[in-house]
Amino acid sequence: MRTTINPKVTLVGAGPGDPELITLKAILALNTADVVLYDALIDPVLLKHAPDTALKIFVGKRVGKHSTPQEDTNQLCVSLAKKHGHVVRLKGGDPFVFGRGAEEIEYIEAFGIPTALVPGITSAIAVPASAGIPVTKRGVSESFWVVTGTTSSGELSRDLALAARSTATVVILMGTKKLAEIVKVYQQFGKSDLPIAIIQSGTTSEEKIVAGYISDIEHKAKEAQAEAPAIIIVGEVVKESVKLAEVYRVVSRQSQFAVTRNQL
């Protein structure tokens, strides 16, 4: 006799990279998964929280390399939920912060399949924090912007020009390929001396930090071979990091600075 299938899709935020930064609620969702669809930035150790019998299917994307188009992933969520039951869509960071989570839920629910959301710790805040950079600090920054470096059309977000005019901290996701354009925006507003840091693979053992100023960050990023996945933080708060404070004084006198997580 066939067991009744109760289709359901849960979007789960896995956090910024460190597998210990996933939430308890996310682990509990994985514990009951029949299928796990996971992204490129997911640490494989997280899959151990799912039952051995659960299907684990990679649907990740990297910059310039789309292994599974978004439309295919949406369809997989629906078809696998109907066939197997509970599908956990495991996504890096938080599904609702440039994670297309809202689009996926809208698509899935159009087929009458119930959905649930487990928020994740967003890399926009956690990655700077892991390097000791506060996105806000009394007397230094009263607010922060989170901006995508690459829109759906492949262009730099026009919101960056608005953010660059302010005194707020600006966190840019998916912006490493647009670094030259980002620098140009800030230089147009006379902010060549503004501190900036690029944090690659933040919160993980592969973390790399390249720090400097708008005026020299392109050279330093090239020398350090900084690449995606990375977060860019622009603002005076970068110099407030206890971990980077001493090095930052050195940065102003040297041509290059790169430090790995293990050296901090």
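For q = 0.11, 0.19, 0.24 Å⁻¹, what log10 I(q)/I(0) does region 8-118 give under the Debye formula with an equal point scatterer on each alpha carbon and no solvent? Log-scaled intensity ratios, in q order: -0.28, -0.91, -1.53. Going 7 Å from the Cα of residue 136 toward and past its Cβ, which residues in region 66-110 have a backbone nitrogen under 19 Å from where you end up? Residues 97 fall inside that zone. Between residue 192 and residue 152, what is the FRET efficiency for a Förster distance of 45 Å, r being their Cβ-Cβ separation, to the nearest 0.05? The computed FRET efficiency comes out at 0.90. Given +1 at the Cβ of Lys and Arg, -1 at the Cβ of Asp and Glu and no other charges, the dipole of the chain around its Cα centre is 100 debye to the nearest 20. Report note on the peptides 124-131, 89-96, 159-166: ranked by the mean count of other C-beta atoms within 10 Å, highest first, their order is 89-96, 124-131, 159-166. When DSSP beta bridges are restricted to pairs lying wholly in region 58-195, around 40% turn out antiparallel. Reducing region 1-25 and region 116-131 to their Cα centroids gives an inter-centroid distance of 17 Å. DSSP finds beta bridges in the chain, and of those with both partners inside it, around 50 percent are antiparallel.
Between residue 102 and residue 6, the modelled label-to-label distance comes to 3.0 nm, taking each label 7 Å out from Cα in the direction of the beta carbon.
Can you pull the percent of region 73-184's accessible area that's carbon plus sulfur, 1.4 Å probe, other chains left in place?
Numbers: 2910 of 5310 Å².
Here carbon and sulfur together make up 55 percent of the probe-accessible area.
If only the Cβ of Lys and Arg carry +1 and only the Cβ of Asp and Glu carry -1, the dipole of region 8-118 around its Cα centre is close to 200 debye. Peptides 195-205, 34-44 ordered by packing proxy, namely the average of other Cβ atoms within 10 Å per residue, highest first: 195-205, 34-44. Taking each of 48/243; 137/220; 48/239; 82/177; 56/178 in turn, the alpha-carbon distance tops 29 angstrom for 48/243; 48/239; 82/177; 56/178. Each helix, a run of at least 4 DSSP H residues, gives -39500 (n - 2.57); summed and divided by the residues of the chain, these come to -8000 deg cm²/dmol at 222 nm. Relative contact order of the chain, taken over Cα pairs closer than 8 Å and 6 or more residues apart, is 18 percent.
Which residues among region 32-50 fall inside the zone where the amide N is under 19 Å from a point 7 Å beyond the Cα of residue 205, along Cα→Cβ? Those under the cut-off are 41-49. Note on the chain: Kirkwood hydrodynamic radius from all Cα pairs is 19.5 Å, rounded to one decimal.
Full extension of the chain between residue 84 and residue 32 yields a length gain of 17.5 nm, computed as 0.36 nm times the residue separation minus the alpha carbon distance.
Would you mind working out the accessible area per residue for region 41-195, using a 1.4 Å probe, and quoting it in Å²? Each step should come with its number before you reach the end.
Values: 8060 Å² over 155 residues.
Per-residue value: 52 Å².
Phi angles of region 181-189 translate, via the Karplus equation with coefficients 6.51, -1.76, 1.60 and θ = phi - 60°, into HN-Hα couplings of 5, 4, 4, 4, 4, 5, 5, 5, 9 Hz per residue; Gly and Pro are given as x. Here is the list for region 185-245: GluC sites (Glu not before Pro) lying in DSSP coil, each with at most 13 other C-beta atoms within 10 angstrom of its C-beta, are 206. Here region 95-237 is treated as a Stokes sphere of Kirkwood radius computed over C-alpha pairs; at 10 °C and 1.306 mPa s its diffusion coefficient rounds to 99 µm²/s.
Binning all Cα-Cα separations of region 74-129 at 10 Å, short to long from zero, yields these whole-percent fractions: 23, 49, 21, 8, 0.
The values are calculated or read from the model by the stated rules, or taken from the named source; none is laboratory data. Since this is a predicted model, take the numbers as computed values, not measurements. Here Cβ is always computed from backbone atoms with ideal geometry, including for glycine, and neighbour counts include all displayed protein chains. Please note that ligands, DNA and RNA were not included when accessible areas were found on the heavy atoms of the full protein model with its side chains. Shrake-Rupley method; radii C 1.70, N 1.55, O 1.52, S 1.80 Å.
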